[in-house]
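Trainee: One structure, as structure tokens, below. Some questions next.
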Amino acid sequence: MEPHESRPRLMELLRQALRARHYSPRTEEAYCMWVRRFIRFHGYKHPAEMDTADVNSFVTHLAVDQHVSASTQTQALSALLFLYRNVFGYDLGAMDGLVRARKSRHVPVVMTRDEAREVLSHLSGDLHLMACLLYGSGLRLKECVTLRVQDLDFGKGEIQIFNGKGNKDRLTMLPEVLAGDLTTHLRHVRAVHRADLEAGWGAVQLPEALARKYPGAPHDWRWQWAFPQRRRWRNPDTGEQGRHHMDPSILQRAVKDAVIQSGIPKRIGCHTFRHSFATHLLESGYDIRTIQELLGHKSVNTTM
């Protein structure tokens with residue numbers, strides 16, 4: 001048995017500290033992964049018995065031996081700084097002699113309007129609709145799959161994004177051309193939801209605080225996922241059933257296949273639609289600040 005991997009207390013404390021500060025589940029998993037790798041790198045020595053030099057050697061190893069990107073190295077360092085500051089209660093201090101990974105500058109892949117239409121033409125059903133939202137609203141993949149019914153405001157032509165990247169809320173446009181297909185799609189989703197309710201299920205998962213504040217919300221139509229999975233999940237302990245949102249990998253695979261069928265020789269993925277959304281708005285005369293707000297970027301430099 002691995003000496004310190006068998007101590008769940010440290011990881012529990014780390015998770016509690018992350019959740020208390022409202023870090024996203026993806027960040028929580030990433031930080032826990034880096035702490036485990038740090039422990040393994042130092043022969044399963046407990047982090048409380050290590051100091052700045054040990055952190056420095058691990059993060060330097062990532063750059064020199066593992067050749068990770070600058071952003072990956074920064075994430076690993078952030079995880080360890082968080083651990084020492086918020087779990088152990090002290091700052092590591094200056095990271096003298098730290099070898100930083102080199103930042104690479106890549107020009108984002110952007111499709112032309114014709115290329116976007118060609119890729120979209122090889123998608124169908126709810127997958128086509130979701131890809132259209134990525135392109136027409138500038139949504140991130142996770143933002144798209146976690147949309148709830150009440151996030152779509154057809155009257156104002158807006159989409160409300162809650163807890164986006166960086167735990168930020170924002171408004172973006174809901175293309176009028178998609179309103180009809182979205183309405184038809186939601187009519188089908190509502191019929192499935194009603195059938196689930198009649199069968200004694202129909203509850204959707206909510207953050208714990210919301211579920212406590214609004215006990216009836218999990219069954220409420222407004223809180224249902226706009227793009228639910230086709231099959232119900234089932235809790236093996238309680239027997240409770242409901243529907244998760246669609247897994248992001250399903251749309252990722254569909255877009256990959258659509259790009260192959262289109263024959264376009266570019267590295268196109270779901271996020272490429274977001275890049276193309278911003279570029280095409282700029283070409284259409286939108287100012288950079290407006291595009292920054294629609295994308296939810298903290299800095300205009302990121303948008304540029």
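Trainee: Search the structure for amide H atoms under 5 Å from the amide H of HIS245, placed 1.01 Å from N in the peptide plane, and list their residues when 5 or more places away or on another chain.
Mentor: Amide H neighbours of HIS245: GLN229.
Trainee: Treating the beta-carbon of each Lys and Arg as +1 and of each Asp and Glu as -1, no other charges, what is the dipole magnitude of the chain about its Cα centre, to the nearest 20 debye?
Mentor: With only Lys, Arg, Asp and Glu charged at Cβ, the dipole is about 100 debye.
Trainee: Near the amide H of GLU158, under 5 Å away, which other amide H atoms are found, from residues 5 or more places off or on another chain, if H is placed in the peptide plane?
Mentor: HN-HN under 5 Å from GLU158: ASP153, LEU174.
Trainee: Another question, if that's okay. Please give the contour-minus-distance gain from ASP65 to THR183: 0.36 nm per residue of separation, less the Cα-Cα distance, rounded to one decimal in nm.
Mentor: Taking 0.36 nm per residue and subtracting the Cα distance, the gain is 37.2 nm.
Trainee: Carbon-plus-sulfur fraction of the accessible area of the chain, 1.4 Å probe, in percent?
Mentor: Carbon-and-sulfur percentage of accessible area, whole number: 51.
Trainee: Between rounded, prolate and oblate, where does the range 28-75 land on the alpha carbon gyration tensor, with a ≥ b ≥ c its root eigenvalues, rounded for a/c under 1.5, else prolate if a/b exceeds b/c?
Mentor: oblate
Trainee: Continuing with the same structure: How big is the range 101-202 by the Kirkwood estimate over distinct Cα pairs, in Å?
Mentor: 15.7 Å
Trainee: Looking only at trypsin sites (Lys or Arg not before Pro) in DSSP loops with at most 12 other Cβ atoms within 10 Å, what is the longest site-free stretch of the chain?
Mentor: Longest gap between qualifying sites, sites excluded: 22-101.
Trainee: Against the longest principal axis of the chain, how steep is helix 52-64, in degrees 0 to 90 to the nearest 10, with axes from Cα atoms?
Mentor: 60 degrees
Trainee: Only helical DSSP H runs with n ≥ 4 go in: add -39500 (n - 2.57) per run for the chain, normalise by residue count and round the 222 nm mean residue ellipticity to 500 deg cm²/dmol.
Mentor: Calculated mean residue ellipticity at 222 nm is -15500 deg cm²/dmol.
Trainee: Now for a separate question. How many percent of all Cα-Cα pairs in the chain sit more than 32 Å apart?
Mentor: 41 percent
Trainee: Can you tell me the orientation of helix 25-41 relative to the chain, as the angle in degrees between its alpha-carbon axis and the longest Cα principal axis, to the nearest 10?
Mentor: For 25-41 against the chain, the angle is about 30 degrees.
Trainee: Here is a follow-up. Structure shown: which of LYS142/LYS213; LYS168/LYS213; LYS45/LYS165; LYS165/LYS256; LYS45/LYS142; LYS142/LYS256 lie over 27 Å apart, alpha-carbon to alpha-carbon?
Mentor: With Cα atoms farther than 27 Å apart: LYS45/LYS165; LYS45/LYS142.
Trainee: Tell me, what is the per residue accessible area of the chain in Å², probe radius 1.4 Å?
Mentor: 58 Å²
The values are calculated or read from the model by the stated rules, or taken from the named source; none is laboratory data. Keep in mind that this is a model prediction, so the values were computed, not measured. In this analysis, Cβ positions are derived from the backbone assuming ideal geometry, glycine residues included, and neighbour counts consider all displayed protein chains. Remember, those area values only see protein heavy atoms, side chains included, never the ligands or the DNA or RNA. Shrake-Rupley method; radii C 1.70, N 1.55, O 1.52, S 1.80 Å.
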